[in-house]
Amino acid sequence: MILQSCVITNTPGFYSGYSQLSENEKSKIVFTDPQREICNINTDGKIYSVTGIQLHECISSSQKAIVYFWSPNCSSEKCYNYNFINEYCQDNGYALFFIVEYYDFKKTNAELLSGALSALYSVNERYYKTKYCNKYMRLFIKDLLENQQYNKDDVYSNFFVFQDGKLVRTSLE
């Protein structure tokens, strides 16, 4: 009998990828205090690791907002870059909350970090006490939606569209 198994170790996208970063790359990630207000963070080339509760507070103060979950290794035509999403949001009056799902600085180019016109965020894996991407994303989205009704499949969406702090739709594209 031959036993086969699949072993996934430290793969960005399965895990957060933070432990694989160099010290220089880690210095570009700021784990925020979960009690801290994050709505006025500057665009300074850093990625701010936040909770869904913190982000919900910002969305609640925006008339129209889009949360876009970006995966650095996604090669689908439905995976949009920061500039495209930002331009769409500016043209249509949406506040943009761009969430980097996991860390892979080989794919997260300097343009994303230095050219961003709005703050960049990631999920605070320390707060959620897991490095497992699917788990912290599920917990983050639950906190983000704060008791709002949503479909089970919404957690797999890339776009979350809000109006007056309430989720109005989700989409994979």
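We did not get these values from a lab; they are worked out from the coordinates using the rules stated. What you see is a predicted model; the values in this text were computed from it and never measured. We place every Cβ from the backbone using ideal geometry, glycine too, and count neighbours over all the protein chains shown.
For the pair GLU77 and LYS26, the difference between a 0.36 nm per residue extended length and the Cα-Cα distance amounts to 15.4 nm. The angle between the Cα long axis of helix 133-145 and the longest principal axis of the Cα atoms of the chain comes to about 20 degrees, rounded to the nearest 10. Measuring nothing but how far apart in sequence close Cα pairs (under 8 Å, 6+ apart) lie, relative to its length, the chain scores a relative contact order of 30 percent.
For the pair LYS129 and GLU37, a Förster radius of 22 Å applied to the C-beta separation gives a FRET efficiency near 0.45, rounded to the nearest 0.05.
So how much slack lies between ASN151 and LEU172, counting 0.36 nm per residue of separation and subtracting their Cα-Cα distance, in nm? It would help to have the intermediate numbers written out before the result.
Values: separation 21, 0.36 × 21 = 7.56 nm, distance 1.34 nm.
6.2 nm is the gain from fully extending ASN151 to LEU172.
May I ask for the percentage of alpha-carbon pairs in region 18-171 that lie more than 25 Å from each other? Write down the numbers at each step before the final one.
On the way: 2599 of 11781 pairs.
Looking at region 18-171, the distances longer than 25 Å represent 22 percent of pairs.
Taking 28 Å as the limit for the C-alpha separation, the pairs LYS26/LYS129; LYS106/LYS152; LYS78/LYS106; LYS107/LYS166; LYS26/LYS152 exceed it in the case of LYS106/LYS152; LYS107/LYS166; LYS26/LYS152.
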